[in-house]
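The values are calculated or read from the model by the stated rules, or taken from the named source; none is laboratory data. On a predicted model such as this, the values are computed, not experimentally measured, just so you know. Heads up, the Cβs are rebuilt from the backbone with ideal geometry, glycines too, and the neighbour counts pull from every protein chain shown. Each accessible area value is taken on the protein alone, full model and side chains, heavy atoms only, with ligands, DNA and RNA left out. Shrake-Rupley method; radii C 1.70, N 1.55, O 1.52, S 1.80 Å.
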Amino acid sequence: MYVNKFGRLMFGLYSRNTAAVCGMVQAQRAAGRSGFSWTAVCRQRTLWLRRSASLESQHHTVPCHMSARSASHSTVDPDEVRRFQSLASKWWDERGEFAALHAMNDLRVPFIRDNLLNEHRLGHPGKPLAGLRILDVGCGGGLLTEPLGRLGADVLGVDPVGDSIGTAQVHTAFDPDLRQRRRRHGGGRYDAVVASEVVEHLADLETFAFCCGHVLKPGGSLFITTLNKTNLSYALAIVAAEQLLRIVPSGTHDWEKFISPVDLERLLESNGFSVQSIQGMLYNPVSGAWSWTNSTAINYALHAVKAREDPHTEQAQESTADTHS
């Protein structure tokens, strides 16, 4: 159900010295036989961007989409990895640093479940997501991976922090339902990718969006929850939540990495997605509960669907052809 080496491959942080094997997945097989790796995809994307830049320069134009971030082979900020490494043992403390994430499950689990049911029209009483394969990117200690698994989905949680994967694996072992369903995770693409409270910690959103499209089946769903880049989000998510109320550890968020729904939608659409819904979320620090709101000024949830035509296939083929030419 969880794996670190595969997660590091996906985030572009893989090292041959990493040897974690977690949950239902034997890491070497997951990385070697799953049919994709984000590291390889990032390399292909970089080659494609360089080719595009070369073609543009021949026409004396400046490629507006080309940047140092978009050409990166890694989506992860090493400082973020170190920060979450220090918190890896605290994921399942419902009153600790991750209390707000535990409470967020009351919104994000139904949000994912209901949108997937609308897309797939499944009929499995008691296990409504049975038959679907979900990739939980940046799963941490498995706070969202576990409830999705209990709904019947075949979920793989990946994270670049090995100790967080260890915490997730140990906690899953105490759940009879999840423990009995342990099995090797086969290859192929996914029906859904979940990145909840992840994108605001990444170093390269453009490559991340591209890779999400690559690992999804045509017509697959992408679910994101994150923070808007507004003055209000800075005041509440950083000044209030981190510095005054200490709801989350100081330094957890970098406001410069926040992204507005408009910019995120534009980024996803440029990578072959169609955004289906965006909904505001509001946290009450007194009650410790989340609620839906019409305002996306602070937190928001997004559901997007990958185009059926799979536009990444042609782009990847072009990059491969360039490599061999």
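Going through (1) of a type in the set (Gly, Ala, Ser); (2) without any contact (Cβ under 8 Å) to a residue 60 or more places away in the chain; (3) surrounded by 23 or more Cβ atoms within 10 Å (Cβ to Cβ) one by one, residue 138 falls short only on (2).
All of 168, 130, 153 fail the test of being surrounded by fewer than 18 Cβ atoms within 10 Å (Cβ to Cβ) and farther than 25 Å from residue 282 by Cβ, apart from 130.
Note on region 200-295: enclosed strands (runs of 3 or more DSSP E) holding 2 or more residues that are of a type outside the set (Lys, Arg) and open to solvent by 30 Å² or more (accessible area, probe 1.4 Å) are 273-284, 289-293. Taking the stated definitions as given, is residue 143 closer than 22 Å to residue 279 by Cα, of a type in the set (A, V, I, L, M), open to solvent by less than 20 Å² (accessible area, probe 1.4 Å) and not in a loop (DSSP other than H, G, I, E, B)? Considered against the rule, which asks whether it is closer than 22 Å to residue 279 by Cα, of a type in the set (A, V, I, L, M), open to solvent by less than 20 Å² (accessible area, probe 1.4 Å) and not in a loop (DSSP other than H, G, I, E, B), residue 143 comes out as no. Screening region 57-99 for residues that are within 17 Å of residue 146 (Cβ to Cβ) and aliphatic (A, V, I, L, M) and picking the one that is modelled with the highest pLDDT gives 99. Selection of first residues in region 248-264 that are without any contact (Cβ under 8 Å) to a residue 40 or more places away in the chain and of second residues that are in a loop (DSSP other than H, G, I, E, B) and not basic (Lys, Arg), restricted to Cβ pairs under 6 Å at least 6 apart or on distinct chains, gives the following pairs, ordered by first then second residue: 260/228. With respect to residue 160, determine if the residue is farther than 30 Å from residue 263 by Cβ and either touching a Lys or Arg at 6+ places or on another chain (Cβ under 8 Å) or open to solvent by 10 Å² or more (accessible area, probe 1.4 Å) (or both). When the stated conditions are applied, residue 160 does not pass them. Within region 171-190, if we keep just the residues that are open to solvent by less than 20 Å² (accessible area, probe 1.4 Å) and out of contact with any Phe, Trp or Tyr (no Cβ under 9 Å at 6 or more places or on another chain), the residue that is modelled with the lowest pLDDT turns out to be 178. Do we find that residue 96 is more than 30 Å from residue 241 (Cβ to Cβ) and surrounded by fewer than 16 Cβ atoms within 10 Å (Cβ to Cβ) in this structure? So residue 96 does not fit the description; no.
Contact annotation: residue pairs with Cβ atoms under 6 Å, 6 or more positions apart or on different chains, pairing a residue in region 271-299 that is under 22 Å from residue 217 (Cβ atoms) with a partner that is surrounded by 14 or more Cβ atoms within 10 Å (Cβ to Cβ) and small (Gly, Ala, Ser), are 271/209; 271/213; 272/213; 272/307; 273/304; 275/304.
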